[in-house]
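The values are calculated or read from the model by the stated rules, or taken from the named source; none is laboratory data. All values derive from a computational prediction rather than experimental measurement. Here the Cβ is made from the backbone with ideal geometry for all residues, glycine too, and neighbour counts use every protein chain on show. Quick note on the areas: whole protein, heavy atoms, side chains included, nothing else; ligands and nucleic acids left out. Shrake-Rupley method; radii C 1.70, N 1.55, O 1.52, S 1.80 Å.
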Amino acid sequence: GMLYDSPNTMQKLLDILSDNVAAYLNAQIEAGAQAVMIFDTWGGALTPEDYRHFSLGSMVRIVDQLHRSFNDQTIPVTLFSKGANHSLSHLADSGADAVGLDWTVNIGDAKKLVKNKVALQGNLDPAVLYSSIDSVIANAKKIIDDFADKTGHVFNLGHGIHPGIDPDKVKALVDYVHSYSESKA
């Protein structure tokens, strides 16, 4: 309601939150974090215009304040906005190094939209892990093949792991991704 009734107040609140998130992530970097990721799991609930103004604008504010180099190390930054596939090209222009993808976008299509400006991370549907190991592997293979490149992709789930997932399936997935990715190199 605040976004529609009092957008200026909403922006002030988001600015305060963004500044605090940036300070927290910088403390993580100073404590040894080698990469950081900013999660926006509700971005897709906004209209594309509101997303770009409020959510993406706040993430860019965070990225702009981060220590991108610390102790002679480059610190990569990944942005993840669940359901915000309408703004992938804007995410690619955010100043981040990578964009996390949920499972609702084809990774090959996403790659075309970001035009190699950023790496991509994702995007296996976490629910696939409820299926057979053969199905998990087939879906992982499709994502790797759809990306169709040797570099610029971090394989991952398209969101968090669901409760009750058999750890043996996760292990099989990780082992497969490692072996199949190495065979394509």
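So which residues in the stretch 94-113 are closer than 18 Å to A140 by Cβ, in contact with a strand residue (DSSP E or B) (Cβ under 9 Å, 6 or more places away or on another chain) and either open to solvent by 10 Å² or more (accessible area, probe 1.4 Å) or among the small types (G, A, S) (or both), if there are any at all? Across the stretch 94-113, the qualifying residues are G100, W103, A110, K111.
One residue stands out among those in the stretch 53-93 that are assigned to a helix (DSSP H, G or I) and of a type in the set (D, E, K, R): the one that is surrounded by the fewest Cβ atoms within 10 Å (Cβ to Cβ), which is D64. Looking at the stretch 26-43, which of its residues are assigned to a helix (DSSP H, G or I) and either acidic (D, E) or in contact (Cβ under 8 Å) with a residue 60 or more places away in the chain (or both)? Once the filter is applied, which keeps residues that are assigned to a helix (DSSP H, G or I) and either acidic (D, E) or in contact (Cβ under 8 Å) with a residue 60 or more places away in the chain (or both), the stretch 26-43 yields only E30. For the stretch 125-150, filtered to residues that are in contact (Cβ under 8 Å) with a residue 12 or more places away in the chain and outside any helix (DSSP H, G or I), the residue that is most open to solvent (accessible area, probe 1.4 Å) is K150.
Quick one: in the stretch 39-82, of everything that is of a type in the set (S, T, Y) and within 25 Å of I29 (Cα to Cα), which residue is farthest from the chain's Cα centre (by Cα)?
Within the stretch 39-82, the subset of a type in the set (S, T, Y) is 41, 47, 51, 55, 58, 69, 74, 78, 81.
Right, trim to within 25 Å of I29 (Cα to Cα) and you get 41, 55, 58, 69, 74, 78, 81.
Details: T41: 10, S55: 14, S58: 15, S69: 20, T74: 18, T78: 6, S81: 6 Å.
For the stretch 39-82, the residue satisfying everything is S69.
Identify, from the list A23, A33, the residue that is at pLDDT 95 or above, open to solvent by less than 40 Å² (accessible area, probe 1.4 Å) and small (G, A, S). Give the derivation first.
Values: A23 fails: open to solvent by less than 40 Å² (accessible area, probe 1.4 Å).
Residue meeting the stated conditions: A33.
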